[in-house]
Every structure is written in C-alpha cells, then in structure tokens.
Amino acid sequence: MRLINIGIVIVGVYLAFWILYLVFMCQPTRSSWLSMDLTYTDYTCLGRRISDIMSGVTSVSTDIYALLLPELVIKSLRVSWTQKLIIYSVLGCNVLTIGAGLGRTVAMVHLSDGQHDITCKPASPLFPQV
C-alpha cells in the first residue's frame, strides 16, 4: 500500500510542476499558446529540448513503476506457476508502452528545433508549410 501512495504523490508532484512549467515557460505568458504559430516571434521561452526529455523520462519512469507494482502483488498470489506466468504475460504487455515512450522521447528530441514543437509541421512535399 505504501508503494501505491508514493507513486500517487510522485505523479501528483509531477503534474503540478508540469502545469506550472507549461503556463510560465514563455514570457509574456500568453506566448505559451501563441508560440505554436511559427510566424509569431514576439516572445521568449525556455528551451523545449530539456522539457521534452524530462517529460519522456518521467513518462517512461511511471510506466516502469506501473509495470513493476502489480508484479510484486502477483508474486505473493497462491496460484500455480502457469497461472502466474499467464498473469505476468498479460501485464507484461506494458513493455510495449515503455518502448513507445522511449521512441516518443527520442523522436521529440529530434523533431524539436529547441523553441517550437514542430511535430505538427507537414513532412511531405505534398503538404507545403504554411
């Protein structure tokens, strides 16, 4: 039970930090939203690269926590080894989520120019940039 409460506190602190960071990362504050328009230039923001990495690391960390927590409970179950293996296999699918989180983190580092989230920019020559 204590591990669950620790996890809840960590996620709550992360959420509060992230909300404050997103609101106050740009000056003036309204630029946090206006900076999505690549033609808007009258602002200063903290670099996105660090925040993208921290977001990914936190996401992957909580995914690993979500993978390991049930494993501790399953270990103490009084069922056959085969039943435990089946339960481990089902819950182990969370490894795919961890892989996706790692891939997302790497992609965000490479797709960010340091100031803008440019993941929404068209990548195909069929869709010219606006």
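Could you give the DSSP H helices of the chain that reach 30 angstrom or more along their long axis (alpha carbon positions) and whose average Kyte-Doolittle hydropathy is no lower than -1.0?
Values: long enough: 2-24 (33 Å, 2.16); 48-75 (41 Å, 0.65).
Going by DSSP H runs, the hits are 2-24, 48-75.
What is the extension gain from Gln83 to Leu68, computed as 0.36 nm multiplied by their sequence separation minus the C-alpha to C-alpha distance, in nm to one decimal? Provide the component values of the computation, followed by the final result.
On the way: separation 15, 0.36 × 15 = 5.40 nm, distance 1.77 nm.
Contour length minus the Cα-Cα distance gives 3.6 nm.
Arg30 versus Ala16, label points 7 Å from Cα toward the beta carbon: distance in nm?
Between Arg30 and Ala16, the label points sit 3.0 nm apart.
Can you give the FRET efficiency for Lys75 and Val106, using 1/(1 + (r/R0)^6), R0 = 41 Å, r = Cβ-Cβ distance, to the nearest 0.05? Present the calculation step by step, with values, prior to reporting the outcome.
Details: r = 32 Å, r/R0 = 0.79.
Calculated value: 0.80.
Once you've got the GNM for the chain with C-alpha springs shorter than 10 Å, pick whichever of Arg30, Arg48, Arg104 has the biggest mean-square fluctuation.
Arg30
Which whole-number percent gives the relative contact order of the chain, counting Cα pairs below 8 Å spaced six or more residues apart? Show your work: numbers first, answer last.
Details: 85 pairs, mean separation 35.2, N = 130.
Relative CO of the chain lands at 27 percent.
Out of Val73, Val106, Val11, any idea which swings most in a Gaussian network model of the chain, alpha carbons joined below 10 Å?
The residue that fluctuates most here is Val73.
When the chain is treated as a GNM, springs tying every alpha-carbon pair under 10 Å, which of Cys93, Cys26, Cys45 comes out with the largest mean-square fluctuation?
Greatest mean-square fluctuation among the candidates belongs to Cys93.
None of the figures in this text is laboratory data; all of them are computed from the coordinates on show. Worth saying up front: this structure is predicted, and the values here are computed from it rather than measured. Note that each Cβ is placed from the backbone with ideal geometry, even for glycine, and that neighbours are counted across all protein chains shown.
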